[in-house]
Structures are given as structure tokens and as C-alpha cells.
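Visitor: The structure is given below, and queries will be raised subsequently.
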Amino acid sequence: MPALRGAEERIRRRVTSADKRRIEEGSQLSLDFSKLDGVGGVVPVVVQHAVSREVLLVAYTDEEAMRESFASRRLVLYSTSRRERWEKGATSGCRFELVEARVNCEQNSLLYLVRPWPEGASHGICHTRDASGAPRASCFYRRIDFGTGALAE
Ligand SMILES: [Zn+2]
């Protein structure tokens, strides 16, 4: 089974790599409705800026990542594609402090209020970059046309 999973991962990565630019920078809606197929043990996390209240990111966490995030007060999440815990900004240096965590009525999703870390930093949260080369402030940088599905910044 691990070998099979490895092969699936390689195929998934190749597709992801080929489609990455079209998905992240393109102007047509191309939603991944199978994102959570075969993924268990996670809940969605809405990540919001603690001061501006802008919604920055929607991600997922498992229980272990949640506990680590609460203990470290850093934004720690679970990658459903890599199937591993990760700290936002661990490689880029654009880390976030977890200021507050809230849970929804049915206790099946979380809301994290965060701010760039260290204090006073103003880096964006998205792994994509804007025209100036800086990480985008929010992942939701494109608006969808209701009629055509066309995307515009
Ligand atoms: Zn993003």
C-alpha cells in the first residue's frame, strides 16, 4: 500500500505542477471538488486577520496540528495533499501568530484569528505572489463572475 500511495502522489504532483499556473493565476473557475476525497480526520480552518478581519485563507487541521498550534501560538495546519502537519511560513519565514481560536456551533470547523509574526511584520499569507513579487495578503484575490465563472482580481 505505501508503494501504491507513493505512485498516486507522484501522479497527483505531476498534474498539480502542470496545472498550477492555470489554477493559481488563470481567469477561469476550475474548482477541485475532490480535494478531500480519501482524506479523513480533519476539519476546515478559516484563517482571519486578527486586526483587519480580512479572511486570509481556508485550510485544514487534524487534532495533532491543532494542539501544536494552541501550544506554540503559531499557525500550524495539516496539509491534505502532502498528508503532513506544517507550520505556515516555516520555509518562507512568513510566520503567523495564533491570537485566538473559535469553534462553530456544530464543532466541525475552526476560526483562527492570526497576525503576521514577529510583531510588526506585514507579510502576506498566500504562497502565490502579486505583481510586485510579494506574497499575496489573502488567498481570495480573485472574484468570480456569477454568470460566466470568469475570474478577475
Ligand atoms: Zn493562497
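Just so it is clear, none of the values below were taken in a lab; they were calculated from the coordinates. All of these numbers come straight from a predicted model, not from anything done at the bench. All Cβ positions, glycine included, derive from the backbone under ideal geometry; neighbour counts span all protein chains shown.
Visitor: What net charge is computed for the residues neighbouring Phe70, neighbours being all others with C-beta under 14 Å from the C-beta of Phe70, Lys and Arg scored +1, Asp and Glu -1? All intermediate terms of the calculation are to be shown ahead of the outcome.
Guide: Details: positive: Arg67, Arg73, Arg74, Arg85, Arg102; negative: Asp62, Glu63, Glu64, Glu68, Glu87, Glu97, Glu100.
Summing Lys/Arg as +1 and Asp/Glu as -1 gives -2.
Visitor: Within 11 Å, Cβ to Cβ, of Phe96, how many net charges do the neighbouring residues add up to if Lys/Arg are +1 and Asp/Glu are -1? Intermediate values should be presented prior to the final figure.
Guide: On the way: positive: Arg73, Arg74, Lys88, Arg95, Arg115; negative: Glu87, Glu97.
Taking every other residue near Phe96 into account, the sum is +3.
Visitor: What is the local net charge at Arg136, summed over the other residues whose Cβ is closer than 9 Å to its Cβ (Lys, Arg +1; Asp, Glu -1)?
Guide: Numbers: positive: Arg129; negative: Asp130.
So the environment of Arg136 carries a net charge of 0.
Visitor: Additional query: Gap in Å between the Cα centre of the range 47-107 and the Cα centre of the range 109-153?
Guide: Using only Cα atoms to place each centre, the spacing works out to 15 Å.
Visitor: A follow-up question, please. When Thr128, Thr91, Thr80, Thr61 are ordered from fewest to most other Cβ atoms inside 10 Å of their Cβ, what list results?
Guide: On the way: Thr128 14, Thr91 9, Thr80 17, Thr61 23.
If I rank by nearby Cβ atoms, fewest first, I get Thr91, Thr128, Thr80, Thr61.
Visitor: R0 = 22 Å: FRET efficiency of Arg143 with Asp32, Cβ-based, nearest 0.05?
Guide: On the way: r = 19 Å, r/R0 = 0.84.
Computed FRET efficiency for Arg143 and Asp32 comes out at 0.75.
Visitor: What nm value, rounded to one decimal, do you get for the distance between Trp86 and Asn104 when each label is placed 7 Å out toward the C-beta?
Guide: Taking the two extended label points, one gets 2.3 nm.
Visitor: Note the direction-averaged projected area, equal to a quarter of the hull surface, for the Cα convex hull of the chain, in nm². Intermediate results must be reported in sequence, preceding the final value.
Guide: Values: hull surface 43.0 nm².
That works out to 10.7 nm².
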